[in-house]
Amino acid sequence: MQVVSVNVGQVQSYPWRGGTRSGIHKTPLDTAVLVTEKGLEGDHQADLKNHGGEDKAVLIIPTANYVLHGVSQHAFGFLGENISLSEVDESQVKVGDRFQIDDVILEVTQPRSPCWKLGEMNGSQLFVKNYSFSGRVGFCCRVLAAGEIQASMPVKHLKTGQGENIQTLFLAKFNASSMDDYAVLQEALENPALSDSWSQSIRQTLTRRFKDD
């Protein structure tokens, strides 16, 4: 497993929905970058309510997703990730798993929650729909140990997580229509590594379900 690309982005202005500022587009770096609990040095977000923060300091997307989602013509970072990672996908990763890159230790906290801006980047909101239906959405991490990373560094995958894998967890929340889905979500709430935002969102989903009963 290897870091294929390390990507950071600046906040830019886009014409979307009458004018939107976003840091979704990331650019690959050819030098080392410092990673702290706040994320990658030089990486910025405009919507701090839904992006960034200690629970979502680093977004990882498997490199295979570029072919899967039909965007392999673009440089890594196009899907908004900070780290493009080879030899892994969402079916092999759980919340609580850790990735060690030299001195840096990242802990998986949640699946990525794709937003409409990803559709704008790709010219259609249908892209976000298909992206989500796949469950191959990437995953967010908190930083347990800081340090510098750069492309080509080897990565150790420490399988310290629990519950269902990232793909299954995302689809359970995205669909939330069967007893199996609700069981996956209930189990996720017991995972101490789960991000606060996903914990709150899952509780809201389960509350709505029980009210409907």
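No lab work stands behind these numbers, since they all come straight from the coordinates. All values reported here derive from a predicted model rather than from experimental measurement. Here Cβ is always computed from backbone atoms with ideal geometry, including for glycine, and neighbour counts include all displayed protein chains.
Helices of the chain meeting both criteria, an alpha-carbon length of 18 angstrom or more along the long axis and an average Kyte-Doolittle score not below -1.0, with helices taken as full DSSP H segments, do not occur.
Only Cα pairs under 8 Å and 6+ residues apart enter the sum, and on that basis the relative contact order of the chain stands at 25 percent. Basic side chains Lys and Arg get +1 at the Cβ, acidic Asp and Glu get -1 at the Cβ, and with that the dipole of segment 3-161 about its Cα centre reaches some 580 debye. Computed over the chain, the per-residue total of -39500 (n - 2.57) for DSSP H runs of n ≥ 4 gives a 222 nm mean residue ellipticity of -8000 deg cm²/dmol, rounded to 500. Taking amide H as placed 1.01 Å from N in the peptide plane, T36 has its amide H under 5 Å from the amide H of E41, each at least 5 places away in sequence or on another chain.
Name the long-range amide H neighbours of T27: under 5 Å, sequence gap of 5 or more, or other chain; modelled H, no Pro or chain starts. Answer set, sorted by chain and number: V8, G9. Of all DSSP-defined beta bridges confined to segment 4-100, some 75% are antiparallel rather than parallel. Since only L34, V4, T20 are under comparison, the one whose Cα sits farthest along the positive direction of the charge dipole of segment 1-126, derived from C-beta charges on Lys, Arg, Asp and Glu, is T20.
Over 18 Å apart at the Cα level, from the set K94/K159; K38/K129; K38/K117, are K38/K129; K38/K117.
Within a straight-line Cα-Cα reach of under 17 Å, K173 can be paired with the following aspartates and glutamates, leaving aside sequence neighbours fewer than 8 residues apart in one chain: E90, E164, D181, E187, E190, D196, D212. In segment 3-161, taking the dipole from charged Cβ atoms about the Cα centre, the farthest positive-side position among H157, M121, S72 is held by M121. Only aspartates and glutamates eight or more places from K26 in sequence, or on another chain, were considered; those with a Cα closer than 16 Å are E41, D43, D47, E81, E120.
Proximity of backbone amide H atoms, modeled 1.01 Å from N, is registered between V155 and Q2, V3 at under 5 Å, excluding neighbours fewer than 5 places apart on the same chain. Taking the inverse of the mean reciprocal distance over all distinct Cα pairs, the Kirkwood hydrodynamic radius of the chain comes to 17.4 Å. Counting every C-alpha pair in segment 1-97, the share spaced more than 15 angstrom apart comes to 63%. Panel note: the C-alpha atoms of segment 151-213, placed on their principal axes, show extents of 51, 20, 19 Å (largest first).
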